[in-house]
Amino acid sequence: MAYYYTLNVNLPTDTGITILMNILIRNKQARPGFSLVELVLVLFVITTMLGVITISVISVVSRSKYDADAARLVYFLQRSVHQAVLQQQKLELEIDLDSGTYSSTIVYDEVDELLAGGETEDPNNPAPAVASTAEEAESISGDPLELYYITSIQLEDDTAMGGVMSLYATGGGWMESFIIELTDESETFSRWIRCDRGTTNVRLYKTPAALPKPTSNL
């Protein structure tokens, strides 16, 4: 008496693989084991499935590493603009497009504004010892990019493709809108970071972003 066993395997690739598995599992004449040809075919199917799974896992892991690299810069931008708002101070964000490094510096300008207004410092009550320029203030550096390159920074009226760029935030948020474009060396992964004028917004995009439309002050 012949016994037949059918195994239904739902594979996402092709129904032909399911048919092949049904044929291989069928036990003809109730004989035990597999023939050499059947065993080779089973190993081929398993190897193919493992290859597809491995490629998928590698792709997910690579994408996660690139997302984490872009998130470092996003976090630094968020921390910088919120620092400017909380301290109600002007902050200079310096980005080196060539090396992928960036830093932020609070610009203490109370002394400069005092002198610009024609007032003089009282010698009996001197002003607090604060830095009057960005160079004299403490600079905070962020973790440099490891996988991405900063290919460009798009401003409202200009686009920087290299060198060092200075961006500013104040107690009211970003002084102007800008977009930072990140691309890896093989140009496989790209990310766009957009910051909006007059807000603390820092958005990360996986597709090309556009600057917000300027609003008129009524």
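The values are calculated or read from the model by the stated rules, or taken from the named source; none is laboratory data. Everything numeric here is computed off the predicted structure, so don't read it as measured data. Because the Cβ atoms are built from the backbone with ideal geometry, glycine has one as well, and the counts that use them run over all protein chains shown.
I'd like to check something: does the stretch 133-148 contain any residue that is touching a Gly at 6+ places or on another chain (Cβ under 9 Å), at pLDDT 90 or above and not in a strand (DSSP E or B)?
no
Could you say whether any residue in the stretch 178-196 is part of a loop (DSSP other than H, G, I, E, B), at pLDDT below 90 and acidic (D, E)?
yes
May I ask you to list the residues in the stretch 94-112 that are under 19 Å from the mean Cα position of the chain (by Cα) and either modelled with pLDDT of 90 or more or surrounded by 17 or more Cβ atoms within 10 Å (Cβ to Cβ) (or both)?
Within the stretch 94-112, E94, I95, D96, L97, G100, Y102, S104 meet the criteria.
Given the residues L7, L91, L24, L20, which is the only one that is farther than 22 Å from S190 by Cα, modelled with pLDDT under 65, of a type outside the set (V, I, T) and not in a helix (DSSP H, G or I)?
Selected residue: L7, the only one of L7, L91, L24, L20 that is farther than 22 Å from S190 by Cα, modelled with pLDDT under 65, of a type outside the set (V, I, T) and not in a helix (DSSP H, G or I).
Within the stretch 168-177, which residues are in a loop (DSSP other than H, G, I, E, B) and within 17 Å of L73 (Cα to Cα)?
Correct list: S177 only.
What's the number of the only condition in (1) without any contact (Cβ under 8 Å) to a residue 40 or more places away in the chain; (2) exposed (fewer than 12 other Cβ atoms within 10 Å of the Cβ) that S166 fails to meet?
Of everything listed in (1) without any contact (Cβ under 8 Å) to a residue 40 or more places away in the chain; (2) exposed (fewer than 12 other Cβ atoms within 10 Å of the Cβ), S166 misses just condition (1).
Does A209 count as at pLDDT below 85 and not aromatic (F, W, Y)?
Here the answer is no, as A209 does not meet what is asked.
Looking for whichever is within 24 Å of T188 (Cβ to Cβ) and modelled with pLDDT of 75 or more here; the options are V45, V74. Which one fits?
V74
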